[in-house]
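Trainee: Please read through the structure below; I'll follow up with questions.
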Amino acid sequence: MNKKLINLAKKIKEISLTEIFAENKNRFKKFSITIDGMLFDYSKQKITDEVKKALLDFAKEKHLKQKIKDLFLGKYRNISEDRIVYHTALRAINKTPQIQKELDKMLIFSEKIRLGKWRGVSGERITDVINIGVGGSDLGPKMVCKALNHLDDNLIKTHFVSSIDGEQIQKIISTLNPKTSLFIISSKSWTTSDTMVNFAIAKEWILKIRTNFDNKSIIKQHFVAVTANVKLAKEDIAEDNIFEFWDFIGGRFSLFSAIGLPIALQFGMDVFDELLVGANKMDTHFQSEAFDNNIPVLMALIEIWNTNFLDISNRAILPYSASFSELSAYLSQLEMESLGKSVDNQGNRINYHTGSIIFGEVGSNAQHAFYQLFHQGTRQISMDFIALVNGVRDSKLNKLSLINCLAQSQVFAFGAKDKNILKTYQGDKPSNTILLEKLSAKNLGMLISLYEHKVFTQSVLWNINAFDQWGVELGKTIAKNIAENKIAQTDCSTTGLLDFVNRYKQD
């Protein structure tokens, strides 16, 4: 690792955030950035002007500027899978014909559903949309539908199924009418076992509709697909009902593609378009701003500083709005699946840490759950506070939530002294604070794009591939082998667990 940063870290570990702030009364102004309704405050991170300069020099040494250009030109490659990486094309001002074609198709379809022009096979209007998918085909759309719920016009209710255990889908469909339900089967490969199992359950349920139409006609009116494997999907879904995205879009970066169809159906395509506008605004910022004023770059550099030089390997996502209840799950996948790598782009084993353990909860709940460990435990932690200046519904209650957010970030940074040692807070816990003027589709698009680019930047600086996930693929293979009894010999623990299962299973 960088020797200069190692030496600076030794000095920083000897001083507190309280001392750092005392040396610079204008620190907030120097260490915060505002962009179109968003404020990013990193003044409570343990960095100085000297540290910031060293981190920026480190970014230049890694040719980050050129890598960013490559990303937006469709020239950056997912080396291990030999694919280009081009999810940024989804929200470009001038879209490629294939992307625009799918967006137009989403618009036509969402309007048909929302206006009641597309009906179930029995002639009844569609009222409920159930998205079946897992990982990137689930977490992103679910997070947005929850976050923007205040924009809901009650025409369509969305539901999300991801668990393979059957309990989740059965609980959802037990409350619905098959005649008024539409399923979206979202699977990039069209082979994901979790999704295919739930697809089979959904088909069985839908085909209970009593009608003169044959099964194929029923499926056509109640199922659509979102996939990159159109050829395989056509075996199950009518071709006109298939929405396509492509190999150059990674699953966890696919929110702005047809994977976002549930968003368009619940809120209308105009809201989806606003998400794209916000994402593009952050894309422009990422491409054009100098690194010393570039939010995604600085967030990434701070994370590397904390992870590799200050030995902070955990980060909590702490949004102070219930609308963000699904945000930490979404960001956990985005960050840990992208950055959880131990081999570099040249195939060498890495001898430094990559990625952080990302977790979180809505701030008001987290305060009464795990903040105690943050405040007085022995673990070091970093945090991202996210809050709204203007709440989605009740301004008075939002003000209380916002005040709590600001108070917690202050205490974590500076601590509190008391004669009673049990009531002493050491502080010195670094954090970022992101404030949004309001929770609009545009601002949410900016926030999502910000974290995407942060992750990309970290991958470049760590020299790893953010766009594969071989650990996930291995898990699928082993599970399949166990299910098919293809493992002749296994460890005694797995054998013992299987013996217990076989002894007590009732079917």
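Trainee: By count of other Cβ within 10 Å, fewest leading, how are Phe359, Phe243 ordered?
Mentor: Phe359, Phe243
Trainee: Give the separation of the Cα centroids, region 292-312 to region 169-205, in Å.
Mentor: Here the two parts' Cα centres lie 41 Å apart.
Trainee: Next question. Given the options Met106, Leu232, Val161, identify the residue whose Cα lies farthest towards the positive end of the charge dipole of region 97-267 (+1 on Cβ of Lys, Arg; -1 on Cβ of Asp, Glu).
Mentor: It is Met106, whose Cα lies furthest towards the positive end.
Trainee: Of all the Cα-Cα pairs you can form in region 353-507, what percent are over 25 Å apart?
Mentor: Working: 6812 of 11935 pairs.
So the pairs more than 25 Å apart make up 57 percent of the total in region 353-507.
Trainee: Report D for the chain in µm² per second (integer): Stokes-Einstein, Kirkwood Rh on Cα pairs, 4 °C, 1.567 mPa s.
Mentor: It diffuses with D of about 53 µm²/s by this estimate.
Trainee: Still on this model: Do any trypsin sites (Lys or Arg not before Pro) in region 337-386 lie in a loop, going by DSSP, with at most 12 other beta-carbon atoms within 10 Å of their beta carbon, and if so which?
Mentor: Filter output for region 337-386: Arg379.
Trainee: Using θ = phi - 60° and the Karplus form 6.51 cos²θ - 1.76 cosθ + 1.60, what ³J(HN,Hα) does each residue of region 419-431 get, whole Hz, x for Gly and Pro?
Mentor: For region 419-431, the Karplus-derived couplings read 4, 7, 4, 5, 9, 8, 10, 6, x, 6, 9, x, 8 Hz, x marking Gly and Pro.
Trainee: Right, another one. What is the magnitude of the charge dipole of region 303-382 about its Cα centre, with +1 placed on the Cβ of each Lys and Arg, -1 on the Cβ of each Asp and Glu, and no other charges, expressed in debye to the nearest 20?
Mentor: Details: 4 positive and 7 negative charges, 35 e Å.
The calculated dipole for region 303-382 is roughly 180 debye.
Trainee: Further question: Ratio of alpha-carbon Rg to the 2.2 N^0.38 Å globular estimate for region 233-346, to two decimals, please.
Mentor: 1.34
Trainee: If amide H atoms are built 1.01 Å from N in the plane of the peptide, which residues on other chains or at least 5 residues away come under 5 Å of the amide H of Met383?
Mentor: Sorted by chain and number, the residues that satisfy this are Ala316, Ser431, Asn432.
Trainee: Give me the net charge of Tyr76's neighbourhood, meaning all other residues with Cβ under 15 Å from the Cβ of Tyr76; Lys, Arg count +1, Asp, Glu -1.
Mentor: 0
Trainee: Would you compute, from DSSP H runs of 4+ residues alone, the mean residue ellipticity of the chain at 222 nm, taking -39500 (n - 2.57) per run and dividing by the full residue count, rounded to the nearest 500?
Mentor: Computed mean residue ellipticity for the chain: -14000 deg cm²/dmol.
Trainee: Continuing with the same structure: In a Debye calculation with equal point scatterers on the alpha-carbon sites of region 306-364 and no solvent, what is log10 I(q)/I(0) at q = 0.24, 0.27 Å⁻¹?
Mentor: -0.95, -1.06
Trainee: Can you tally the net charge around Leu155? Count Lys and Arg as +1, Asp and Glu as -1, for every other residue whose Cβ sits under 10 Å from the Cβ of Leu155.
Mentor: Working: positive: Arg114, Arg125, Lys157; negative: Asp152, Asp153.
Neighbourhood net charge equals +1.
Trainee: Provide the packing ranking of 45-52, 491-498, 121-128, i.e. peptides ordered by the mean count of other C-beta atoms within 10 Å per residue, highest first. Provide the component values of the computation, followed by the final result.
Mentor: On the way: 45-52: 19.2, 491-498: 10.6, 121-128: 16.6.
Averaged packing, sorted descending, gives the order 45-52, 121-128, 491-498.
Trainee: For the chain, what is the percent of antiparallel DSSP beta bridges, rounded to the nearest 5? Walk me through the numbers before you get to the answer.
Mentor: Working: 13 of 45 bridges.
Looking only at bridges with both residues in the chain, the antiparallel portion is about 30 percent.
Trainee: Still on this structure, I have one more. ³J(HN,Hα) across region 19-31 via Karplus (A = 6.51, B = -1.76, C = 1.60, θ = phi - 60°), whole Hz, x for Gly/Pro?
Mentor: Rounded to whole hertz, the list is 5, 4, 5, 5, 7, 8, 6, 9, 4, 4, 4, 6, 10.
Trainee: Here's another thing I want to ask about it. Give the distance, in whole Å, between the Cα centre of region 369-386 and the Cα centre of region 410-429.
Mentor: 12
Trainee: Averaging over all projection directions, find the projected area of the Cα convex hull of region 155-226 and quote it in nm² with one decimal place.
Mentor: Details: hull surface 20.2 nm².
Reported value for the Cα convex hull: 5.1 nm².
Trainee: While we're here: Apply the a/c threshold of 1.5 to the C-alpha gyration tensor of region 229-279 and tell me whether it is rounded, prolate or oblate.
Mentor: Details: a/c = 3.30, a/b = 1.57, b/c = 2.11.
Oblate, because a/c is 1.5 or more while a/b does not exceed b/c.
Trainee: If you don't mind, there's one more thing I want to ask. Please work out, to two decimal places, the log10 of the ratio I(q)/I(0) at q = 0.16, 0.20, 0.21 Å⁻¹ from a Debye calculation in which every Cα of region 324-431 carries one identical scatterer.
Mentor: Normalising to I(0) and taking log10 leaves -0.87, -1.12, -1.18.
Trainee: Highest mean first, how do 9-19, 144-154 rank when packing is the count of other Cβ atoms within 10 Å averaged over residues?
Mentor: For the peptides 9-19, 144-154, the packing ranking is 144-154, 9-19.
Trainee: Please state, to two decimals, what the Cα-based radius of gyration of region 450-507 comes to when divided by 2.2 N^0.38 Å (N = residues). Don't jump to the answer; show the numbers that get you there.
Mentor: On the way: Rg = 18.7 Å, N = 58, 2.2 N^0.38 = 10.3 Å.
Compactness ratio reported: 1.82.
Trainee: By a straight-distance test (C-alpha under 23 Å), which lysines pair with Lys417 as possible cross-link partners, with residues fewer than eight away in the same chain excluded?
Mentor: Lys13, Lys25, Lys44, Lys46, Lys429
Trainee: List the aspartates and glutamates whose Cα sits under 12 Å from the Cα of Lys29, skipping any in the same chain fewer than 8 residues away.
Mentor: The reachable aspartates and glutamates, counting only those whose Cα sits under 12 Å from Lys29, are Asp41.
Trainee: Taking the Cα centre of the chain as origin, sum charge times position over the Cβ atoms of Lys and Arg (+1) and Asp and Glu (-1), and report the length of that vector in debye to the nearest 20.
Mentor: So the magnitude is around 740 debye.
Trainee: Could you work out the local net charge near Ser356, counting Lys and Arg as +1, Asp and Glu as -1, over the other residues with Cβ closer than 9 Å to its Cβ?
Mentor: Net local charge, Ser356 excluded: -1.
Trainee: Moving on. Any idea what Rg and Dmax come out to for region 97-267 if you just take the C-alpha atoms, in Å?
Mentor: 14.6, 42
Trainee: Name the residue from Ser313, Leu151, Ile434 whose Cα lies farthest towards the positive end of the charge dipole of the chain, charges +1 on Cβ of Lys and Arg and -1 on Cβ of Asp and Glu.
Mentor: Ile434
Trainee: From Cα pairs below 8 angstrom and at least 6 apart in sequence, can you work out the relative contact order of region 97-267, rounded to a whole percent?
Mentor: Averaging sequence separation for qualifying contacts and normalising by length gives 31 percent for region 97-267.
Trainee: Can you tell me the relative contact order of the chain? Whole percent, Cα pairs under 8 Å, sequence separation 6 or more.
Mentor: Taking the mean separation of contacting Cα pairs over the length of the chain, I get 18 percent.
Trainee: Sort out for me the Cα centre separation of region 6-78 from region 238-253, rounded to whole Å.
Mentor: 36
Laboratory data are not the source of any read-out in this text; all were calculated from the coordinates shown. Remember, predicted model here, so these are calculated numbers, not experimental data. Neighbour counts are summed over all protein chains in view; Cβ atoms, including those assigned to glycine, are modelled from backbone coordinates with ideal geometry.
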